[in-house]
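Okay, structure first, notes after.
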Amino acid sequence: MTRLIQVLALLTISPPSAALAQVDHRAAMYELDLSAQQMQQQQRAVALENQLNSLDARMQTEQRLRDVDTMRTRPSLTLPAKAPPAADQVSMSGFAQMPDDMLATSSARVREASQNRR
């Protein structure tokens, strides 16, 4: 008889504890699901940040390559040869003009000064 009472007592006590165990199990599964979702969001954020950093590095590399190409192409320092203008196209208006007698007098004075050594 005591054995029967013990078995009945165990059966009456078991169902509520099993229901509590299921509730705790559901709560644990819910918490696990939330933590898994948070980890997925973190992984997505890290992947997006990596993508952004990769694109930024690629843009900086391309800009630096363009800068190097720009520095590499130097302008030509030689000017193309020009043909001298024809004699009839030369205008004397841009040149200083001095009469021949004044030029001869000036030239004589320069020679005289250069000959006079002290």
| query | What's the number of the condition ASP88 fails, among (1) in a loop (DSSP other than H, G, I, E, B); (2) modelled with pLDDT under 75; (3) open to solvent by 100 Å² or more (accessible area, probe 1.4 Å)? | reply | (1)
| task | Identify the residue in segment 2-55 that is open to solvent by 100 Å² or more (accessible area, probe 1.4 Å), under 51 Å from the mean Cα position of the chain (by Cα) and acidic (Asp, Glu) and, among all such residues, is modelled with the lowest pLDDT. | result | GLU31
| task | Tell me which of these LEU77 doesn't satisfy, since it passes every other one: (1) open to solvent by less than 100 Å² (accessible area, probe 1.4 Å); (2) assigned to a loop (DSSP other than H, G, I, E, B). | result | (1)
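The values are calculated or read from the model by the stated rules, or taken from the named source; none is laboratory data. Predicted model, so just to flag it, every value in this text is computed and none were measured. Protein only, heavy atoms only, side chains kept; ligands, DNA and RNA dropped before computing areas. Shrake-Rupley method; radii C 1.70, N 1.55, O 1.52, S 1.80 Å.
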